[in-house]
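Let me begin by presenting the structure, written as structure tokens, before commenting on it.
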Amino acid sequence: MSVAENIDASLDEDAAPKDLTDGFHLIIEALKLNGINTIYNVPGIPITDLGRYMQAEGMRVLSFRHEQHAGYAAAIAGYLTKKPGVCMTVSAPGFLNGLTALAHATTNCYPMILLSGSSEREIVDLQQGDYEEMDQLAIAKPLCKAAFRILHAEDIGIGIARAIRAAVSGRPGGVYLDLPAQLMAQTMDAAAGEKSLVKVIDPAPAQLPAPEAITRALEVLKNAKRPLIILGKGAAYAQADDEIRALVEKSGIPYLPMSMAKGLLPDTHPQSAGPARSLVLKESDTVMLIGARLNWLLSHGKGKAWGDNEKKFIHIDIEPTEMDSNVEIAAPVVGDIGSCVTALLDAMGDDWAPPPTEWTEAVNTKRQSNIERMAPRLQNNNVPMDFHGALGVLRTIIAERPDAILVNEGANTLDFARGIIDMYKPRKRLDVGTWGVMGIGMGQAIAAAVETGHPVLAVEGDSAFGFSGMEIETVCRYNLPVCIVVFNNGGIYRGTDVNPTGGPDVAPTVFVKDARYDKMMEAFGGVGYHATSPDELRQAVNEAMDSGKPSLVNAVIDPASGTESGRIGNLNPQSVVSKKK
Ligand code: ADP
Ligand code: MG
């Protein structure tokens, strides 16, 4: 602006404020322009007003009691929608609380953006002791896919565009966006501000596999005698449900769903090898991974769990560096799952031969015998309940309500529920993910209800529930259709450990005896239930799910049932000095 124009503008007192916009509003407009309308946040300095303005501008702003849970909500919202879930926090401590969830999103390949307010750059960089001083950008960097800071209002449009594209393109992940307090109050010409906004075109472009990669993969698959398909949560995320089902069915190959891929095809599908997991991992000779990594959850693709025979791996993933991460990949197929699966289907032609019946029958026999062996345990009416009796009830409830979303965490509660509760539709099972982390429960339950509008059943170990329990106030405040079942065995793993010294403190793994988690729910206006038998549990959960009201069922489980660390006790280091009994 020239000096003359400046004087002109200052003379026109009415026009000047109207023609200005500020950082607050540019952030909001940039998000809305890109279809981001829901924010998971915890208010405070310097983002309280940003949240208020967001709500005033028609965005949904959901406030949590702790940033970690707002973050887990945003992360799973990203997984469910393929759009970045957005978490907003205050500076330093709030940022750090949200950072756990950002790292979790990155590890799990969920698209998420953490927006954190931050202190004054000049003071932070000279370490002069500002309010909540912290170099947040530097701290976030190693824990996420990308990290940016916006210093000028005119860069807000491009900054948010970069954050969105970084979160969802290629392998999705967490992105940190640093918003210094001063940025929000910065003003600029409104028309120039509007022009500075960027609508991200095609934020996650299709990535087509090379034709020779497809030919190579089918060549390997054709020669297989005992092929296996493993579906991971990347396959569920891709939302190529019809194509994946068509590929599995056309190939005739048994498939194993990783826990969050359960329901991509119904667990009752005749080709499901879920109940024959050990057999198919050991005996298969060719394994096609679709959106699943050969990390610890698959024993790194080698060792005892995988048997002695030589195996060939076909790996479909959007991330080229995932190939050969643990074992040699005979046929890497790099691209987005929708494009890769479609290309495979096309190239398979109409005369694809199913795998040898000897193999498919061996898998079927094992599957049937395991299902039959389990059935009576799931119908037991023991009081106090054991895991099988209680989960047998919930298994039926999910079968009758296949649209409900199951959130699941705990140790034994997680391991048993994963095996016992069949899923029927894609992206209905949300659990602890790649880290096996405790604490995702209420954040995921809230986001699942908000993003999908479907009822949520959160099946929680009592220990796991404790990490996010205060968020039941959030569930009640937004009146969400969430039914929480706390598997209450009075402790971590179980409630029976004793202090070997005979001292007054209970053992480190033991909680208050006969705790009544249902009363917590009542404190916030939700409905509490106390269930001591499978029949009471069935009645309570059905009533809760029918009502759609925020509810919590305190399910009393035998304190003696439950094993150390569930199914991953082997990961505990062992002392050479024996434990005192
Ligand atoms: P699980 O824990 O279920 O085995 P992982 O999280 O280990 O699943 O693996 C998911 C994989 O899916 C990641 O390697 C990720 O790069 C990949 N992925 C995510 N989205 C896509 C997509 N749209 N197309 C292809 N691969 C994807
Ligand atoms: Mg417990």
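At a glance:
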quantity	calculated
Rg [Å, one decimal], Dmax [Å, integer] - region 106-209, C-alpha atoms	15.3, 52
Hydrodynamic radius of the chain per Kirkwood, over alpha carbon pairs, in Å	25.7 Å
P(r) histogram, all alpha-carbon pairs of region 253-343 included - 10 Å bins from 0, percent	16, 49, 33, 2
Cβ-Cβ FRET estimate between residue 506 and residue 380, R0 fixed at 22 Å, reported to 0.05	0.15
About the Cα centre, charge dipole magnitude for region 21-196 (Lys/Arg +1, Asp/Glu -1 at Cβ), debye	1020 debye
Distance between modelled label sites at residue 127 and residue 570, nm, 7 Å Cα→Cβ extension	4.6 nm
Footprinting exposure proxy for 457, 480 (fewest neighbouring C-beta atoms within 10 Å first)	480, 457
Kirkwood estimate for region 211-365, i.e. one over the average of 1/r between Cα atoms, Å	15.2 Å
Protection proxy ranking of 181-188, 401-408, 112-119 - average other beta-carbon atoms within 10 Å, highest first	112-119, 401-408, 181-188
Proximal lysines to residue 195, defined as alpha-carbon separation beneath 26 angstrom and excluding residues fewer than eight positions away on the same chain	18, 32, 83
Within region 268-292: backbone nitrogen closer than 19 Å to the residue 305 label point (7 Å, Cα to C-beta)	273-292
Per-residue Cβ neighbour rank within 10 angstrom, fewest leading, 262, 250, 141, 83	141, 250, 83, 262
Kirkwood-based Rg to Rh ratio, region 21-196, C-alpha trace	0.94
Where the Cα pairs of region 379-556 fall when distances are cut into 10 Å bins, in %	11, 41, 36, 10, 2, 0
Interchain or long-range residues, amide H under 5 Å from residue 147's placed H	176
Potential lengthening between residue 206 and residue 319 on full extension [0.36 nm per residue; Cα-Cα distance subtracted]	39.4 nm
Charged-residue dipole, Cβ positions (Lys, Arg, Asp, Glu), region 211-365 about Cα centre, Debye nearest 20	580 debye
Where labels lie 7 Å past Cα in the beta-carbon direction, separation of residue 400 and residue 577 in nm	5.4 nm
Computed FRET value (nearest 0.05) for residue 63 with residue 194, which takes r as the C-beta separation and R₀ as 25 Å	0.30
Per-residue [θ]222 nm for the chain (sum of -39500 (n - 2.57) over DSSP H runs n ≥ 4, rounded to 500)	-12000 deg cm²/dmol
Antiparallel %, DSSP beta bridges [both residues in the chain], to 5	5 percent
Computed magnitude of the charge dipole of the chain (debye, nearest 20; Cβ of K, R +1, Cβ of D, E -1)	2400 debye
Relative exposure of 38, 286, judged by other C-beta atoms within 10 Å (fewest first)	38, 286
Peptides 507-520, 46-59 ordered by average Cβ neighbours within 10 Å, highest first	46-59, 507-520
Spacing of the two label points (7 Å from each Cα toward its C-beta) at residue 328 and residue 249, in nm	3.7 nm
Per principal axis, descending, Cα span of region 176-223 in whole Å	65, 23, 10
Burial order of peptide ranges 308-319, 360-371 (average beta-carbon count within 10 Å, highest first)	308-319, 360-371
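Each value in this text was obtained by applying a stated rule to the coordinates, not by laboratory testing. These figures come from a predicted structure and were not determined experimentally. Ideal geometry is used to build each Cβ from the backbone, glycine not excepted, and the neighbour counts take in all protein chains shown.
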